[in-house]
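S.K.: Sharing a structure here in structure tokens format.
The values are calculated or read from the model by the stated rules, or taken from the named source; none is laboratory data. Remember, it's a predicted structure, so these values are computed and weren't measured experimentally. Neighbour counts run over all protein chains shown; Cβ positions are idealised from the backbone, glycine included.
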4 protein chains.
Amino acid sequence: MIIITRKGVTDEELDHIRERVETLGLRTHVSRGEHRTVIGCVGDEERLRTIPLLSIPGVEAVHTVLKPYKLASREFVAGQGSRIRLGSCDVGGEELAVIAGPCSVEGLDMLRETGHRVRSAGAKALRGGAFKPRTSPYSFRGMGEEGLEILARVREETGLPVVTEVMDTRQVDLVASYADVLQVGARNMQNFALLSEVGRIRRPVLLKRGMSATVKDLLLAAEYVMSQGNPNVILCERGIRTFETATRNTFDLAAIPVLKQETHLPVVADPSHAGGRRDLVAPLSYAAVAAGADGLLVEVHPDPETATSDGDQSLDFGEFEGLMSGLKAFAAAAGRTLNPLAAASVSG
Amino acid sequence: MIIITRKGVTDEELDHIRERVETLGLRTHVSRGEHRTVIGCVGDEERLRTIPLLSIPGVEAVHTVLKPYKLASREFVAGQGSRIRLGSCDVGGEELAVIAGPCSVEGLDMLRETGHRVRSAGAKALRGGAFKPRTSPYSFRGMGEEGLEILARVREETGLPVVTEVMDTRQVDLVASYADVLQVGARNMQNFALLSEVGRIRRPVLLKRGMSATVKDLLLAAEYVMSQGNPNVILCERGIRTFETATRNTFDLAAIPVLKQETHLPVVADPSHAGGRRDLVAPLSYAAVAAGADGLLVEVHPDPETATSDGDQSLDFGEFEGLMSGLKAFAAAAGRTLNPLAAASVSG
Amino acid sequence: MIIITRKGVTDEELDHIRERVETLGLRTHVSRGEHRTVIGCVGDEERLRTIPLLSIPGVEAVHTVLKPYKLASREFVAGQGSRIRLGSCDVGGEELAVIAGPCSVEGLDMLRETGHRVRSAGAKALRGGAFKPRTSPYSFRGMGEEGLEILARVREETGLPVVTEVMDTRQVDLVASYADVLQVGARNMQNFALLSEVGRIRRPVLLKRGMSATVKDLLLAAEYVMSQGNPNVILCERGIRTFETATRNTFDLAAIPVLKQETHLPVVADPSHAGGRRDLVAPLSYAAVAAGADGLLVEVHPDPETATSDGDQSLDFGEFEGLMSGLKAFAAAAGRTLNPLAAASVSG
Amino acid sequence: MIIITRKGVTDEELDHIRERVETLGLRTHVSRGEHRTVIGCVGDEERLRTIPLLSIPGVEAVHTVLKPYKLASREFVAGQGSRIRLGSCDVGGEELAVIAGPCSVEGLDMLRETGHRVRSAGAKALRGGAFKPRTSPYSFRGMGEEGLEILARVREETGLPVVTEVMDTRQVDLVASYADVLQVGARNMQNFALLSEVGRIRRPVLLKRGMSATVKDLLLAAEYVMSQGNPNVILCERGIRTFETATRNTFDLAAIPVLKQETHLPVVADPSHAGGRRDLVAPLSYAAVAAGADGLLVEVHPDPETATSDGDQSLDFGEFEGLMSGLKAFAAAAGRTLNPLAAASVSG
């Protein structure tokens, strides 16, 4: 950590600052410039984070040298990035992990039909919400446990692993008993109680970036989960909130290559929420893969016009098949494979 | 709700759109312009919100006519705004509700000393965190139940009601058994499970605006709590996240008068988090009161330099007394009183 | 345009609103709902934009039906999008228009070398600033007219058309006498005097999106240029300003397909400014092309470490060649060609 | 400046970095930590700003120690802040400088009437646009020189100095020949050619903050003007662009006290543009003064409903008189006077 002092800092103030730092076991190097004096602090930077350094008289600014996350950092894992098993696919491996399905589970028939269709088109997992976060308390909030049961049943029939959201610390065990991957939604990315709780289970966690979360915030949220013992975190870029209103969110595409540099964790993109418009799902998907995403999370519904949630951004089956077909050349250009196991069909 | 159709919409598409709307029991009025045809929908707009209207072929844009919140809306309560009892003070009444105390409860002595000092200076309630949301899993996360016990003890000694944060649905009853007001933090403003849970208890809720929440989102979050049966919600503006880095957050001062117009609920401001800098607490407090805030939430610590969290933005006792003294003239200018009960002292 | 009235609007207010609208030659349709009355206005919406409708007593909200831009709108041109000639390439055509070169022209030798190298690698035009917008008045602000002369000379030697920025209404004629395309920078996107001035010349204009400009603002800025008689506007997405600090700007990738839908004008992307980091240029370029961009604007410098501006985001020659090589498969996947004329060399 | 190197930086890289820095005449101090090596650079930091340090192999991050602006910085002027003469008032002095008038000059009668009324109510200067920046090329763009003549005439009749916008480098002399203060609008805050040009004249400049400008950007823009020889810059906070849509812009109130700390220049606020709503002008004005603003820029129109621009946010005369009346107590609380010369009337 580096401490920059105010112009005209006194010797007493300098001594006091150094003393505060050295008390914690770090060494200090003082470098006097013409206008400012700089104090370099060498040692366990983590200890300094706990001190309100800007509160010490004479301090003007503080710069950190090390990153605040450890387990999630790229440097933590030597060699290639981490891979997380998702059914027949390794998220973070060569094959693109396409996770598709409706925003909400609305019933067995629609989910079964969706499962079979997206599987045929090359999806590797089925998504679907049983507990739905809704901005208004008057909107449909999901089928609850009945939705989980439907997901499990369709998994049996299709062989597709199931990804579903958990919103409440009290439901983590319940959801984990049905789902293969637990999704933590954007609005809960800094629900630290929930992050800790999903860190205690064995299921992989799909962690969506919050609407106002920086890349650093997202990695610290992953660090919460990992520091509880669960190393299997998949990060998801789904757009941030900005002044632009032409799209539901602003898809921060650059976050994908930035994350691939900063962390060893796999990174997927959610083009459905990022754009909020059906017609943007394909170009955003192609771009995400071109930028290095390990997978996609795509909303697909048998009849988007009647969907109970997110219908405006859901693809119908034909559109999803078109997407997967269009995606192939981009996946190949990015050195990825798409759907190589299509032949090895599970008897549905 | 008003539906604007695409240029060149066909009669079949128009008929289909109208049919979808009329099936839900609303009437439609079609107005054909030179370039666009507009369909006005009259009836229960709420039903239309559940349909993905943009998914219907021929639809270009949709505008809502009514506000999505009801219980929280200004129109819901005739006459003056709601008042919420907080010890000797009515939040939303003439007297300014100043809530002061440390970011975190760090022990009995520091909290007791803080309680007595802020009370003498005119604070109406004591804040202090027992469960702390921290961006990093490696930061101090609060004393937990022991912190709650300390809060309760200092309440007994000072007569000050206690405001403290709840972060987990599983802890709502526990926190409510100690606290007078439950705070829902900015990062949990859209933790809908938690909102529902605090809606089931009888304690007032202090709901902080999320970093990327619009005024509308904040009111919908309040609606969540209220729709569960708890009408006592105090809203708190504490800054939003923008590109500006000179301050920790961007204090959205205009949200205060906007909220006072949109809702009957009381509105307080948190100048400590909004600016993130001790030197900004006074000007932001004065401004908040000038703009119509019903109260303030101020971080005060016996020795900010040693605080376990938020030290950089905490006032020491002398600074808090200076703030309260400076605030008087602004409160008077705003038609508010400050601290009229200072004489009626509880024997501490 | 649609006018929504306040709850409890009086008949007198309604009559007054209608009168204001009808005076301008539009017809009004009144639709009374349970809670709100809505007035649809049919006719020349443009006239209504000049009235402060929200100032009229009884008005609560106003929604526009038509887009505020005409010449720039997709509907204005039937069939395919517009193509703008740039040397041997049509921007907006099948071939990707890659425009490359240094941030600033720093001398003849470096520009000549850059011109030959980027041309060999497949660039279709040469960029380079002679007049530089710099945040600090103490930074290098470009070589001025000498820089323009160097650009013209390198054009002669390489056959590459030249793109350079104009910052001052007084310099439009001067810059146009040397350059093939005039660039209007992000900071001048709403310098309306400059927009009008470049609208009066015949050279194509490369219009960069402002840091806080919406897609609509960008199209209105293009409309300024076009409404003066210059239809040749190339739009450029180069990132917007948000809270994220991991990148210099936030690349709004979705703006590319949104613009391709909204307008017939060609759209290019600037991955250098969007990310502000050399290592992000390739993934952002691949993604832009995958999302439908018609071209790229890439900063290339013989020795980025010594560049007078933007060195941190400039590619060296080897990196640019790597980018062009990596781009080929993505271009093909997007149905684009890259560099088909490499063989037909101009004798440099 | 402080350079932080990548993990595993080699000795050769370290030597190369130091050599680059030392070549510019600075000294380097190397501090080796457990994980990172830090290089402190002592000497003329300005020289280092010209180098793309992040481009040098082995460099991970760079932190600056000094502020990039000098003439505008608080430290540049000893003692109290600068005062800029505006008619009978010193902007930056004890008296609040209220500048009022219509968005656009629409004719002699309306401006004359406005001038007399705002003067009676206590305004110290008259604002009014002759050249108007408009988002759409089809909107009214001002009366031009005729508007300037009207402004000058009303100044003669009322004694009020005149503030008006200049948008084009070619019009600086013309506008300066009529106006007392030249306004540079938000959209031109980084029109560096214009900043340089208004730096060459003697008139004070009212510099409005750009919609996506940080406080630092605003001060660098002021530095442009000042570095050309014109020290008389008045800064104006008028709201920034964020995701919130309840207001036209987000009024960054905290920028006022931050600016008062960072610079010696006077700071005024524009509550009309910040909120974009008539009903917000008063609370935002009160708050700005409470937070330390030296003055206000308020839109006033004889009949806002018919204004050619910004009618929705303009006050009528009665509302402006109410604002000035309400402001008195807040001004007094802030240690300011309002309108002490009301008696010393100029014969209009």
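S.K.: Mind telling me which of the residues A:Ala125, A:Ala152 ends up being closer than 25 Å to A:Asp90 by Cα, of a type in the set (A, V, I, L, M) and surrounded by fewer than 24 Cβ atoms within 10 Å (Cβ to Cβ)? Working first, answer last.
M.R.: Working: A:Ala125 fails: surrounded by fewer than 24 Cβ atoms within 10 Å (Cβ to Cβ).
Testing whether each residue is closer than 25 Å to A:Asp90 by Cα, of a type in the set (A, V, I, L, M) and surrounded by fewer than 24 Cβ atoms within 10 Å (Cβ to Cβ) leaves just A:Ala152.
S.K.: Please go through segment B:206-231 and pick out each residue that is crowded, with 24+ Cβ neighbours inside 10 Å and farther than 25 Å from A:Ile240 by Cβ.
M.R.: Selection gives B:Leu206, B:Val225.
S.K.: Quick check on my filter: what residues within segment C:232-241 are surrounded by 24 or more Cβ atoms within 10 Å (Cβ to Cβ) and farther than 27 Å from D:Glu60 by Cα?
M.R.: Those that are surrounded by 24 or more Cβ atoms within 10 Å (Cβ to Cβ) and farther than 27 Å from D:Glu60 by Cα: C:Val233, C:Ile234, C:Leu235, C:Cys236, C:Glu237.
S.K.: While we're here: May I ask you to say which residue of A:Leu220, A:Leu265, A:Leu235 is assigned to a strand (DSSP E or B) and either assigned by TED's automatic domain parsing to the domain that holds A:Leu96 or under 25 Å from A:Leu148 (Cα atoms) (or both)?
M.R.: Values: A:Leu220 fails: assigned to a strand (DSSP E or B); A:Leu265 fails: assigned to a strand (DSSP E or B).
Exactly one of A:Leu220, A:Leu265, A:Leu235 is assigned to a strand (DSSP E or B) and either assigned by TED's automatic domain parsing to the domain that holds A:Leu96 or under 25 Å from A:Leu148 (Cα atoms) (or both), namely A:Leu235.
S.K.: If you don't mind, there's one more thing I want to ask. Can you tell me which residues in segment B:268-299 are without any contact (Cβ under 8 Å) to a residue 40 or more places away in the chain, part of a helix (DSSP H, G or I) and closer than 21 Å to D:Ile240 by Cα?
M.R.: Quick first cut of segment B:268-299, residues without any contact (Cβ under 8 Å) to a residue 40 or more places away in the chain only: B:269, B:271, B:274-277, B:279-280, B:283-284, B:287, B:291.
Add one more test, that the residue is part of a helix (DSSP H, G or I), and what stays is B:271, B:274-275, B:279-280, B:283-284, B:287.
Residues satisfying the conditions are B:Pro271, B:Ala274, B:Gly275, B:Leu280, B:Pro283, B:Leu284, B:Ala287.
S.K.: I would also like to ask the following. Which condition breaks for C:Thr263 when tested against (1) over 30 Å from C:Arg134 (Cβ atoms); (2) surrounded by fewer than 24 Cβ atoms within 10 Å (Cβ to Cβ); (3) not basic (Lys, Arg)?
M.R.: So the condition that C:Thr263 fails would be (2).
S.K.: Just one of (1) touching a residue at least 40 places away in the same chain (Cβ under 8 Å); (2) within 19 Å of B:Leu297 (Cβ to Cβ) trips up B:Glu165, so point out which.
M.R.: Only one criterion is unmet by B:Glu165, namely (1).
S.K.: Take A:Val258 and decide whether it is farther than 21 Å from A:Lys124 by Cα, aliphatic (A, V, I, L, M) and within 21 Å of the chain's Cα centre (by Cα). Break it down into steps so the answer makes sense when it comes.
M.R.: Values: farther than 21 Å from A:Lys124 by Cα: yes; aliphatic (A, V, I, L, M): yes; within 21 Å of the chain's Cα centre (by Cα): yes.
Yes, satisfied.
S.K.: Could you grab me the full set of residues in segment A:34-48 that are buried (at least 16 other Cβ atoms within 10 Å of the Cβ) and within 14 Å of chain B (Cβ to nearest Cβ)? Give the derivation first.
M.R.: Step one: list which residues in segment A:34-48 are buried (at least 16 other Cβ atoms within 10 Å of the Cβ), which gives A:36-43, A:45, A:48.
Within segment A:34-48, A:Glu45, A:Leu48 meet the criteria.
S.K.: Here is a further query. Looking at A:Val281 and the list (1) of a type in the set (Val, Ile, Thr); (2) farther than 19 Å from A:Val105 by Cα; (3) surrounded by 22 or more Cβ atoms within 10 Å (Cβ to Cβ); (4) more than 14 Å from chain B (Cβ to nearest Cβ), which single condition is not satisfied?
M.R.: Condition not satisfied by A:Val281: (4).
S.K.: Quick check on my filter: what residues within segment D:125-139 are part of a loop (DSSP other than H, G, I, E, B) and in contact with a Gly (Cβ under 6 Å, 6 or more places away or on another chain)? Working first, answer last.
M.R.: Narrowing segment D:125-139 to residues part of a loop (DSSP other than H, G, I, E, B): D:128, D:130-139.
Correct list: D:Gly128, D:Ala130, D:Phe131, D:Lys132, D:Pro133.
S.K.: Would you confirm whether or not segment B:290-304 contains a residue that is within 14 Å of chain A (Cβ to nearest Cβ), at positive phi and either surrounded by fewer than 24 Cβ atoms within 10 Å (Cβ to Cβ) or in contact with a Lys or Arg (Cβ under 6 Å, 6 or more places away or on another chain) (or both)? Steps first, answer last, please.
M.R.: Taking segment B:290-304 and keeping what is within 14 Å of chain A (Cβ to nearest Cβ), we get B:299-304.
When the remaining residues are screened for being at positive phi, the result is none.
Checked segment B:290-304: no residue is within 14 Å of chain A (Cβ to nearest Cβ), at positive phi and either surrounded by fewer than 24 Cβ atoms within 10 Å (Cβ to Cβ) or in contact with a Lys or Arg (Cβ under 6 Å, 6 or more places away or on another chain) (or both).
S.K.: For segment B:205-217, does any single residue satisfy the condition of being assigned to a strand (DSSP E or B), at pLDDT 95 or above, touching a Ser or Thr at 6+ places or on another chain (Cβ under 6 Å) and within 22 Å of B:Leu296 (Cβ to Cβ)? Walk me through it before giving the result.
M.R.: At the first step, the residues of segment B:205-217 found to be assigned to a strand (DSSP E or B) are B:205-208.
Subset that is at pLDDT 95 or above: B:205-208.
After this cut, where a residue has to be touching a Ser or Thr at 6+ places or on another chain (Cβ under 6 Å) as well, the list is none.
No, segment B:205-217 contains no residue that is assigned to a strand (DSSP E or B), at pLDDT 95 or above, touching a Ser or Thr at 6+ places or on another chain (Cβ under 6 Å) and within 22 Å of B:Leu296 (Cβ to Cβ).
S.K.: Pull up segment D:305-318, narrow it to residues that are in contact with a strand residue (DSSP E or B) (Cβ under 8 Å, 6 or more places away or on another chain) and under 23 Å from D:Ala97 (Cβ atoms), then point me to the one that is farthest from the other protein chains (Cβ to nearest Cβ). It would help to see each step written out before you state the result.
M.R.: First pass over segment D:305-318, keeping only residues in contact with a strand residue (DSSP E or B) (Cβ under 8 Å, 6 or more places away or on another chain): D:307-310, D:313-317.
Next, from what is left, pick out any that are under 23 Å from D:Ala97 (Cβ atoms): D:310, D:313-317.
On the way: D:Asp310: 7, D:Gln313: 8, D:Ser314: 8, D:Leu315: 11, D:Asp316: 9, D:Phe317: 14 Å.
Residue satisfying both the conditions and the ranking: D:Phe317.
S.K.: Let me ask something else. Every residue in segment A:168-194 that is over 13 Å from the mean Cα position of the chain (by Cα), surrounded by 24 or more Cβ atoms within 10 Å (Cβ to Cβ) and either within 13 Å of A:Ile234 (Cα to Cα) or without any contact (Cβ under 8 Å) to a residue 24 or more places away in the chain (or both), please.
M.R.: Residue satisfying the conditions is A:Asn191 alone.
S.K.: Okay, moving on. Could you say whether any residue in segment D:151-167 is among the hydroxyl-bearing types (Ser, Thr, Tyr), more than 9 Å from chain C (Cβ to nearest Cβ) and over 15 Å from C:Asn191 (Cα atoms)? Talk me through it step by step, then tell me what you get.
M.R.: At the first step, the residues of segment D:151-167 found to be among the hydroxyl-bearing types (Ser, Thr, Tyr) are D:158, D:164.
Now restrict to residues that are more than 9 Å from chain C (Cβ to nearest Cβ): D:158, D:164.
The next check asks that each one be over 15 Å from C:Asn191 (Cα atoms); those that pass are D:158, D:164.
Within segment D:151-167, one or more residues are among the hydroxyl-bearing types (Ser, Thr, Tyr), more than 9 Å from chain C (Cβ to nearest Cβ) and over 15 Å from C:Asn191 (Cα atoms).
S.K.: On to the next question. Looking at (1) within 14 Å of chain B (Cβ to nearest Cβ); (2) assigned to a loop (DSSP other than H, G, I, E, B); (3) not hydrophobic (A, V, I, L, M, F, W, C), which one does A:Gln80 not meet, given that it meets all the others?
M.R.: Only one criterion is unmet by A:Gln80, namely (1).
S.K.: Another question, if that's okay. In segment C:223-248, which residues are within 15 Å of the chain's Cα centre (by Cα) and closer than 18 Å to A:Ala274 by Cα? Spell out the reasoning first.
M.R.: Pass one, segment C:223-248, residues within 15 Å of the chain's Cα centre (by Cα): C:223-226, C:230-240.
Passing the criteria: C:Glu237, C:Gly239, C:Ile240.
S.K.: In segment D:305-318, which residues are surrounded by fewer than 21 Cβ atoms within 10 Å (Cβ to Cβ), modelled with pLDDT of 95 or more and in contact with a helix residue (DSSP H, G or I) (Cβ under 7 Å, 6 or more places away or on another chain)?
M.R.: The initial filter retains those residues of segment D:305-318 that are surrounded by fewer than 21 Cβ atoms within 10 Å (Cβ to Cβ), namely D:305-306, D:316-318.
Now restrict to residues that are modelled with pLDDT of 95 or more: D:316-318.
Selection gives D:Asp316, D:Phe317.
S.K.: Of the conditions (1) within 14 Å of chain A (Cβ to nearest Cβ); (2) surrounded by 16 or more Cβ atoms within 10 Å (Cβ to Cβ); (3) modelled with pLDDT under 85, B:Ser31 satisfies every one except a single condition; which number is it?
M.R.: Every listed condition holds for B:Ser31 apart from (1).
S.K.: Of all residues in segment B:238-261, count the ones that are more than 8 Å from chain D (Cβ to nearest Cβ) and more than 21 Å from B:Asp312 (Cβ to Cβ).
M.R.: Total meeting the criteria: 2.
S.K.: Whether any residue in segment A:184-200 is at negative phi and more than 14 Å from every other protein chain (Cβ to nearest Cβ) is what I want to check.
M.R.: Quick first cut of segment A:184-200, residues at negative phi only: A:184-200.
Filter again for more than 14 Å from every other protein chain (Cβ to nearest Cβ), leaving none.
The answer is no, given that none of the residues of segment A:184-200 is at negative phi and more than 14 Å from every other protein chain (Cβ to nearest Cβ).
S.K.: Quick one: in segment A:88-122, of everything that is assigned to a loop (DSSP other than H, G, I, E, B) and either surrounded by 24 or more Cβ atoms within 10 Å (Cβ to Cβ) or out of contact with any strand residue (DSSP E or B) (no Cβ under 8 Å at 6 or more places or on another chain) (or both), which residue is modelled with the lowest pLDDT? I'd like the intermediate steps shown before the answer.
M.R.: Just the residues of segment A:88-122 that are assigned to a loop (DSSP other than H, G, I, E, B), to begin with: A:88, A:92-94, A:96, A:102-103, A:105-107, A:122.
This time we only want the ones that are either surrounded by 24 or more Cβ atoms within 10 Å (Cβ to Cβ) or out of contact with any strand residue (DSSP E or B) (no Cβ under 8 Å at 6 or more places or on another chain) (or both), so: A:88, A:93, A:96, A:102-103, A:105-107.
Working: A:Ser88: 90, A:Gly93: 95, A:Leu96: 97, A:Pro102: 97, A:Cys103: 95, A:Val105: 97, A:Glu106: 96, A:Gly107: 97.
The extreme case among them is A:Ser88.
S.K.: Go through A:Glu197, A:Glu244 for me and flag whichever is assigned to a loop (DSSP other than H, G, I, E, B), at pLDDT 95 or above and either surrounded by fewer than 24 Cβ atoms within 10 Å (Cβ to Cβ) or charged (D, E, K, R) (or both). Explain how you work it out, then say what you get.
M.R.: Details: A:Glu197 fails: assigned to a loop (DSSP other than H, G, I, E, B).
Only one candidate qualifies: A:Glu244.
S.K.: Return the residue satisfying two criteria in turn: it lies in segment C:68-77 and is in a loop (DSSP other than H, G, I, E, B) and either within 12 Å of another protein chain (Cβ to nearest Cβ) or modelled with pLDDT of 95 or more (or both), and of such residues it is surrounded by the most Cβ atoms within 10 Å (Cβ to Cβ).
M.R.: First, the residues of segment C:68-77 that are in a loop (DSSP other than H, G, I, E, B): C:68-72, C:77.
If we keep only those that are either within 12 Å of another protein chain (Cβ to nearest Cβ) or modelled with pLDDT of 95 or more (or both) too, we end up with C:68-72.
Values: C:Pro68: 19, C:Tyr69: 23, C:Lys70: 16, C:Leu71: 19, C:Ala72: 28.
Among residues in segment C:68-77 that are in a loop (DSSP other than H, G, I, E, B) and either within 12 Å of another protein chain (Cβ to nearest Cβ) or modelled with pLDDT of 95 or more (or both), the one surrounded by the most Cβ atoms within 10 Å (Cβ to Cβ) is C:Ala72.
S.K.: Considering only segment B:1-16, state which residues are within 14 Å of chain C (Cβ to nearest Cβ) and over 19 Å from C:Leu66 (Cα atoms). Please lay out each step first, then the result.
M.R.: Start the filter on segment B:1-16 by keeping residues that are within 14 Å of chain C (Cβ to nearest Cβ), which leaves B:1-9.
Once the filter is applied, which keeps residues that are within 14 Å of chain C (Cβ to nearest Cβ) and over 19 Å from C:Leu66 (Cα atoms), segment B:1-16 yields nothing.
S.K.: Of B:Val21, B:Val65, which residue is crowded, with 19+ Cβ neighbours inside 10 Å, in contact with a strand residue (DSSP E or B) (Cβ under 8 Å, 6 or more places away or on another chain) and in contact (Cβ under 8 Å) with a residue 60 or more places away in the chain? First the steps, then the outcome.
M.R.: Working: B:Val21 fails: in contact (Cβ under 8 Å) with a residue 60 or more places away in the chain.
Result of the check over B:Val21, B:Val65: B:Val65.
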